[in-house]
Amino acid sequence: MNRKPLVFLLVLLLSLLPVFSGNTASKQILVMHSYHQGLLWTDSITEAVKRTFGEAEGHYELYFEYLDTKRNSGSDYFNRLTEFEKQKTQLAELDFDLIICSDNDALDFLTSNGKDLFGPVPIVFCGVNNFTPAMLKGQRNITGITESIDFHANMKAISRLHPDRSHIIFIVDRTSTGNAVMEELQTVVKDYSDQFTFDYLRDFSIDNIDESLGNLGDGDLIYLLVMNIDQNGVFISYNDAISMVRSEVNVPIYGSWDFYFGKGIVGGMLISATRQGEEASRIALQILEGTPLDAIPVEKGGGNQFVFDYREMERFGISTSDLPPGSSVKYAPESFFRRNRITILTIGITASLFLLIILIISLYLRNRNRRLEEMNRLLDERVKKALSEVNTLNGLLPICARCKKIRDDSGYWNRLETYIKKHSNAEFSHGLCPDCAAEIYPEHFNKKEEA
């Protein structure tokens, strides 16, 4: 008995296990990718969807399906894929509340088979190239965000940043994505035929890529678009694609997707898989929360941004001041402050605290000295006043008319010299005036007169 179909069906069934578990009221969301798990573009959309739904209120269960059309194609593959999906859906007994799909192949699969497989479920797409309303095949339960390459923005940027280069080589494979990109590209390049000449590298092999790109010079430039399958049907990852091209040439390389960025392209107006996934999830949440689908029109080309690699700019003498307005520059060397910001901030905060402490102490000492000076001044005044009152006898003194004793403040009668001594700094030296001496010692003074 041939067990391969059964094993394959079991693997596909297991791929529908939910990522987020909720209660019985959870809404079930199918995320159908055109390509395979492990492809950077697809994985970035997956992470964006997980993060957006994970941060949303409510209970959602996410199921992920990968059609793997980068590595498999043809009507026979799609027919078998449709049959497996039917069996899997029946076995899993799943009723999805909404489907998110990424890229053209998944949208085409759902517009052809979605109603039969899942019923009239709302569908939100992202990453779809060359979108036209005809792609929806008259179905009104579909909306989303398109993937639109801004060739005009990139061509103008290239013309501005490389006025000395006039030959552009576009690398575009013959996959469904490559064909869609090529179709769109042809409508654009004619507007720049007076500035550039163009060549298209469509048939290439990973074994002889050097023969195709090895003779480029100062007037040349590469625009790397789609390089997933070579002419022998060999799959090429995004990392391998840019690595192969970058190692063979010494000319500027531009792109339209961020999965090449940071690996060798100068930059450009780039499409972000993360933004595509976030925007599709936002639209999906609106629908799940009750917004009518027909009130959400298809969003065209959202999320593109000019991004440039500083390292490649340095390599080809591109100044930041020449970049298009609103450009973001990545991988620029950190300034001295940024490299040492923690140390500088620590020193700054410590110095500020010391200065604050010194200021507080200085103010405290200054105020204390002022208070001490004021206290000393008042004390001096009081002492001077007290001394003046002590050393100066003034006012009315009660004195005995006969014995000449003086009455003090307590009512006691003091001899004159005692009172004066208490109320002044004067000292007494006792003696007799002549009159008193004559009166007391008359015999002495009588003799003196007789003599």
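Every number in this text was worked out from the coordinates using simple rules, so none of it is lab data. What you see is a predicted model; the values in this text were computed from it and never measured. Cβ atoms come from the backbone with ideal geometry, glycine included; neighbour counts cover every protein chain shown.
Table for the structure above
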{"quantity": "Antiparallel content of DSSP bridges confined to the chain, in %, to 5", "calculated": "15 percent"}
{"quantity": "Fewest-first sequence of SER212, SER34 by Cβ atoms within 10 Å of each Cβ", "calculated": "SER212, SER34"}
{"quantity": "Residue order, fewest to most surrounding Cβ atoms within 10 angstrom, among VAL128, VAL189, VAL307", "calculated": "VAL189, VAL307, VAL128"}
{"quantity": "Partner lysines for LYS421 [C-alpha distance under 29 Å; skip if fewer than 8 residues away on the same chain]", "calculated": "LYS384, LYS385, LYS404, LYS405"}
{"quantity": "Rel. contact order, % - alpha carbon contacts under 8 angstrom, at least six apart, the chain", "calculated": "12 percent"}
{"quantity": "Charge dipole of the chain about the Cα centre (unit charges at C-beta), most positive-ward option of ILE347, LEU359, LEU98", "calculated": "LEU359"}
{"quantity": "Cα point-scatterer Debye curve for the chain, base-10 log of I(q)/I(0) at q = 0.08, 0.11, 0.14 Å⁻¹", "calculated": "-0.65, -0.97, -1.30"}
{"quantity": "Degrees, to the nearest 10: 341-391 long Cα axis against longest axis of the chain", "calculated": "10 degrees"}
{"quantity": "Cα long-axis angle, helix 75-92 against the chain (0 to 90 degrees, to the nearest 10)", "calculated": "60 degrees"}
{"quantity": "Whole-Hz couplings from phi, Karplus 6.51/-1.76/1.60, listed for the range 284-300; x for Gly and Pro", "calculated": "4, 5, 4, 5, 5, 8, x, 5, x, 4, 6, 8, 10, x, 5, 8, 9"}
{"quantity": "Helix-only mean residue ellipticity at 222 nm for the chain, each DSSP H run of n ≥ 4 adding -39500 (n - 2.57), per residue, nearest 500", "calculated": "-14500 deg cm²/dmol"}
{"quantity": "Exposed-site-free run, longest, the chain (rule: GluC sites (Glu not before Pro); DSSP loop; at most 12 other C-beta within 10 Å)", "calculated": "94-288"}
{"quantity": "Cα long-axis angle, helix 151-161 against the chain (0 to 90 degrees, to the nearest 10)", "calculated": "60 degrees"}
{"quantity": "Out-of-range pairs (alpha-carbon distance over 18 Å; input LYS27/LYS137; LYS88/LYS115; LYS70/LYS330; LYS50/LYS70; LYS156/LYS300; LYS50/LYS86)", "calculated": "LYS27/LYS137; LYS70/LYS330; LYS50/LYS70; LYS156/LYS300; LYS50/LYS86"}
{"quantity": "Where only C-alpha atoms are counted, convex hull volume of the range 218-361 per residue in Å³", "calculated": "244 Å³"}
{"quantity": "Partner aspartates and glutamates for LYS263 [C-alpha distance under 17 Å; skip if fewer than 8 residues away on the same chain]", "calculated": "ASP240, GLU248, ASP309, GLU312, GLU314"}
{"quantity": "THR132, THR146 arranged by Cβ crowding within 10 Å, fewest neighbours leading", "calculated": "THR132, THR146"}
